[in-house]
Amino acid sequence: MKTIFFELEAWEKDYLQTKDLASMAEVEFVDQALTKDSLPANSEAEILAIFVNSVIDEAVLAHFPNLKLIITRSTGFDHIDLALCKAKGVAVANVPSYGADTVAEYTFALLLNLSRKVYLSFDRIRETGSFSIDGLRGFDLKGKTLGVIGTGQIGKNVIEIAVGFNMNIIAYDPYPDQAYASKFNYSYLDFDQVLAQADIVTLHVPYTKDNHHLLNADKIASMKKGAFLLNTARGPLVDTIALVEALRSGHLAGAGLDVLEEENFMKNEELYWLSQGQMAEEDLKAILADHLLVDLPNVIITPHNAFNTWEALKRILDTSLENLQSFVSGTPKNIVS
């Protein structure tokens, strides 16, 4: 089947070639992301293999009349219009598990940076050469209450790391795993109770239309005063404007964010302005709030990098190849729509 892979680095192309990719499909590589503003000349593809920076909407689907399968090299698939794909008979496959340890470790990298002000210490040394520790006092993780929202595999791995730091753990999940909770000595509470009691709240849930702004202004206001927020899941789970206000007012002490509500705009704002002209007022407000977040001294923002290790990326490629091969052979796997 004619297949196009988008957004691959040179080493990823080489890695795929070592896996006898040519025997599975007729393959083309495109360096950039796939969006309605960057459609390739080749419109005959039957399979597309994309990454999270690609956006699959009606214009993209219309460009590929022979399309049968979209493979996203990610666990999340909120960058794909699943309903439209289903209506057009296009299957969508994802990579259900590749970085549960990877993202959990990164979550604690953010937390330790915040708790010990490593980022501020580094900036001070680099920019001024000063070894003064004024304003750099942090806090211990031991004894602090960690509120884990979502106890899938990433959330569970976060819990296991937290146990090693002797933290108190509470969690919320609509489908609680009580056996696991007993094993690692934590309690499931309702969502509002976790927000009210946790010193640190960390998000590990997928994004859907139903949980847009899971942390809205009211929920953020209900969080424990002086708490910290970690988000390595998806940006739209958090109302950015409300978060900025809570951080500025001192209601929240800090945040570690690997994802932002309008991060695609942040990656290439000039392109969006030129290609789309006006944008929705809500999107514009979120972009402005993102810029305000970047400048706050009690916030760490990283560019959706939690997944980014050699080991995780190879697991992504391996599973994507399995998805391709299984579909071509008539036994599709990891289909989400």
* Asked: Taking Asp81, is it touching a helix residue (DSSP H, G or I) at 6+ places or on another chain (Cβ under 9 Å) and acidic (Asp, Glu)?
  -> yes
* So which of Leu136, Leu111, Leu120 ends up being surrounded by fewer than 14 Cβ atoms within 10 Å (Cβ to Cβ) and either modelled with pLDDT under 95 or not charged (D, E, K, R) (or both)? -> Leu136
* Report the residue count in region 25-45 for those that are among the charged types (D, E, K, R) and closer than 20 Å to Val95 by Cβ. => 0
* Asked: Can we say Ile70 is β-branched (Val, Ile, Thr) and without any contact (Cβ under 8 Å) to a residue 24 or more places away in the chain?
  -> yes
* Asked: Which members of region 232-243 meet the condition of being assigned to a loop (DSSP other than H, G, I, E, B) and either over 15 Å from Val103 (Cβ atoms) or outside the structural domain of Ala196 (by TED's automatic domain parsing) (or both)?
  -> Asp239
* **Glu9, sole failed condition from (1) under 20 Å from His79 (Cβ atoms); (2) surrounded by 15 or more Cβ atoms within 10 Å (Cβ to Cβ)** => (2)
* To do: Kindly list the number of the only condition in (1) assigned to a helix (DSSP H, G or I); (2) crowded, with 18+ Cβ neighbours inside 10 Å; (3) modelled with pLDDT of 70 or more that fails for Glu282.
  => (2)
* Quick one: Asp31 ticks every box in (1) more than 21 Å from the chain's Cα centre (by Cα); (2) surrounded by 16 or more Cβ atoms within 10 Å (Cβ to Cβ) except a single one, so which number is it? => (2)
* Asked: Which one is surrounded by the fewest Cβ atoms within 10 Å (Cβ to Cβ), of the residues in region 12-28 that are touching a residue at least 60 places away in the same chain (Cβ under 8 Å) and closer than 19 Å to Trp310 by Cα?
  -> Lys19
* **region 313-337 - residue that is assigned to a loop (DSSP other than H, G, I, E, B) and in contact with a Ser or Thr (Cβ under 8 Å, 6 or more places away or on another chain) and, of those, surrounded by the fewest Cβ atoms within 10 Å (Cβ to Cβ)** => Lys333
* Structure fact -> Within region 11-40, residues being touching a Lys or Arg at 6+ places or on another chain (Cβ under 8 Å) and among the hydrophobic types (A, V, I, L, M, F, W, C) number 2
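Hey, among Ala87, Ala45, Ala10, which residue is under 25 Å from the mean Cα position of the chain (by Cα), of a type in the set (Gly, Ala, Ser) and modelled with pLDDT of 95 or more?
Details: Ala87 fails: under 25 Å from the mean Cα position of the chain (by Cα); Ala45 fails: under 25 Å from the mean Cα position of the chain (by Cα).
Result: Ala10 is the single residue among Ala87, Ala45, Ala10 that is under 25 Å from the mean Cα position of the chain (by Cα), of a type in the set (Gly, Ala, Ser) and modelled with pLDDT of 95 or more.
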* Would you be able to say whether some residue in region 92-99 is among the small types (Gly, Ala, Ser) and closer than 17 Å to Ala233 by Cα? => yes
* Restricting attention to region 141-154, and to residues there that are within 22 Å of the chain's Cα centre (by Cα) and within 20 Å of Lys219 (Cα to Cα), which single residue is surrounded by the fewest Cβ atoms within 10 Å (Cβ to Cβ)? -> Gly150
* Where Glu58 falls short, out of the listed (1) surrounded by 15 or more Cβ atoms within 10 Å (Cβ to Cβ); (2) farther than 26 Å from Asn305 by Cα; (3) under 26 Å from the mean Cα position of the chain (by Cα) -> (1)
* To do: Look through Leu237, Leu252, Leu189 and report the one residue that is modelled with pLDDT of 95 or more and under 27 Å from Val55 (Cβ atoms).
  => Leu237
* Structure fact -> Within region 64-73, residues being surrounded by 22 or more Cβ atoms within 10 Å (Cβ to Cβ) and either at pLDDT below 95 or not hydroxyl-bearing (Ser, Thr, Tyr) (or both) number 6
* Would region 160-167 turn up any residue that is of a type in the set (Phe, Trp, Tyr), in the same structural domain as Gly254 (by TED's automatic domain parsing), surrounded by fewer than 20 Cβ atoms within 10 Å (Cβ to Cβ) and in contact (Cβ under 8 Å) with a residue 24 or more places away in the chain? -> yes
* Asked: Going by the conditions given, is Ala104 closer than 22 Å to Val238 by Cβ, surrounded by 14 or more Cβ atoms within 10 Å (Cβ to Cβ), at pLDDT 95 or above and in contact with a strand residue (DSSP E or B) (Cβ under 9 Å, 6 or more places away or on another chain)?
  -> no
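The values are calculated or read from the model by the stated rules, or taken from the named source; none is laboratory data. Just so it is clear, the model here is predicted, and its values are computed rather than measured. Here the Cβ is made from the backbone with ideal geometry for all residues, glycine too, and neighbour counts use every protein chain on show.
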